[in-house]
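To start, the structure under review is shown below, and the notes come after it.
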Amino acid sequence: MDIFLSAPFAHPDILDVLFDDDTAPVSLRRATLPDHVLVEDRSGMALSLLRREGGLTEGVIVTAEAAAAARVTFVMAAFGAETAEVPVDGADGPAVVLAHVREKAPSGPSRIAEPRNWTGERQMLLHEIVREIAGHIGERRPGEMPALLHGICFRALARVRGRSTDLPAVLRRSPRPGDVEVLGLQSGYAKYFGVEEHVVSHRRFDGGASGPIERAVMVSGDGVTVVPYDPVQGTVLLIEQFRPGPHARRDTNPWLLEPIAGRCDKLEPLDESVRREAREEAGLELGRLVQLPGYYSTPGVCAEFLTPFIAEADLSRAGGVHGLAEEGEDIRSIVVPLEVAMEAVASGEINVGPLILSLLWLDANRSQLVRDWGASSAA
């Protein structure tokens, strides 16, 4: 079978995942698909082909045996790929195009995906996405995969950013190559969030190697939080919503006070993620931002890495119920003096770690913030 794969799926790193040692392609050669352009959705992570007269999409023709064709078809199905035979420049005859082919541009913001822009972080991201999809071969049906793509994408983005994390190691160990040996990895559950079962051996503090250690980790992708602060009124905005975690613990009150927060599920700077979440969860436009040091929320069981912010905001008219209907959100935002919020921390009414940490930082640094911001509102 001759299969056309558009760039950036034609990158050697992606092809290495699409075709493992047992399903190596018979041949690869460059090709172009006329009257189509590659587009990316508003997240910047989902790719599809848009029919456009005069357009041209670069890629490769892969000649593959049945097993290899089945493997790549499974992976591309996660992207909503359709199988259609179309003329491809560079093929001996019609080739099977494996891509999500659109007659109209995707709803919401989208743009032409230039292959030259899919380098660096973007190419590593696609590699991570394809690798996780391929890990489901034999475990799931192809038709199940498109519904899982969103979670796969933001988990992949977290892994890419995790590999580029470079924080000080003054008090803690500086790792060396070989300090951690991966002995096994299985995805026990994967949907919006996932659970990975890791078997590792790591270097002990006495210099020896630990025995095989089995650990299950919840992989939820990275997140951002923000506490809006009005330096004129001396108030902060908190949000309240029902949370399944306390409910699962049988907490008598599963409605929690929290900071505005959200997943890093788009290829965008962290400050843009924060501003978007503030609009969605509180109907609020933020002013200047202060980024605090990021942290792992519960590193013994969860891969979540949070980056907190304090934001300048005019809270004189803030409040009400907000959230995205399509995500089932029912979020109440309330505005209180910072002193009242700190009393709620002391009493235990505020019992969410990210909010406690941000409020403690804000309480300790509010005078400096007022000086830096000139006590001016964000209106």
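The values are calculated or read from the model by the stated rules, or taken from the named source; none is laboratory data. Source: prediction; values computed, not measured. Cβ: placed from backbone, ideal geometry, glycine included. Neighbour counts: every protein chain shown. Note: accessible area is taken over every heavy atom of the protein model, side chains too, but ligands, DNA and RNA are not part of it. Shrake-Rupley method; radii C 1.70, N 1.55, O 1.52, S 1.80 Å.
Overview of results
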read-out	value
With eigenvalues of the C-alpha gyration tensor scaled by 5 and rooted, the chain, Å	43, 27, 18
Charge dipole (the chain, unit charges on Cβ, about Cα centre) - positive-most of 207, 256, 300	207
Net length gained if the chain between residue 218 and residue 20 were fully extended (0.36 nm per residue, minus Cα distance)	68.6 nm
Extent along principal axes [Cα atoms of the range 1-62; Å; largest to smallest]	37, 26, 16
For the range 302-373: accessible area per residue (Å², 1.4 Å)	50
Taking the chain and dividing mean pair separation by its residue count, relative contact order in percent (alpha carbons under 8 Å, at least six apart)	13
Surface accessible to a 1.4 Å probe, per residue, for the residues of the range 111-204, Å²	62
Cut-off under 5 Å, modelled amide H: who pairs with residue 225 long-range	307, 309
Calculated from backbone phi, Karplus (6.51, -1.76, 1.60) coupling profile of the range 179-189 in Hz, x at Gly/Pro	5, 10, 10, 7, 9, x, 8, 9, 9, x, 7
Total charge dipole magnitude, the chain, about the Cα centre, Cβ charges on Lys, Arg, Asp, Glu only, Debye to nearest 20	500
Percent accessible area from carbon and sulfur atoms, the range 137-271, protein chains only, probe 1.4 Å	54
Label-to-label distance, nm, for residues given as residue 343 and residue 296 (7 Å Cα→Cβ offset)	3.8
Estimated FRET transfer efficiency when R0 is 56 angstrom, pair residue 360-residue 209 (beta carbons, to 0.05)	0.90
Within the accessible area of the range 274-359 (1.4 Å probe), percent carbon and sulfur	54
Candidates 240, 339, 139, ranked by Gaussian network fluctuation over the chain, Cα under 10 Å, top entry	139
FRET efficiency for residue 371 and residue 330, using Cβ-Cβ distance with R0 set to 56 Å, rounded to 0.05	0.90
Estimated 222 nm signal from helices in the chain, with DSSP H stretches of n ≥ 4 weighted -39500 (n - 2.57), rounded to 500	-8000 deg cm²/dmol
Average accessible area per residue (Å²) across the range 1-87 - probe 1.4 Å, nucleic acids and ligands excluded	44
Under 5 Å, built H, 5+ apart or other chain: amide partners of residue 36	52, 55, 56, 57
Largest to smallest accessible area among 23, 119, 252 [probe 1.4 Å]	252, 119, 23
Radius of gyration and Dmax over the Cα atoms of the range 148-285, both given in Å	19.3, 57
In order through the range 219-228: 3J(HN,Hα) via Karplus (6.51 cos²θ - 1.76 cosθ + 1.60), integer Hz, x for Gly, Pro	10, 10, x, 7, x, 10, 10, 8, 10, x
Cα-based convex hull, the range 300-370, per residue volume (Å³, whole number)	153
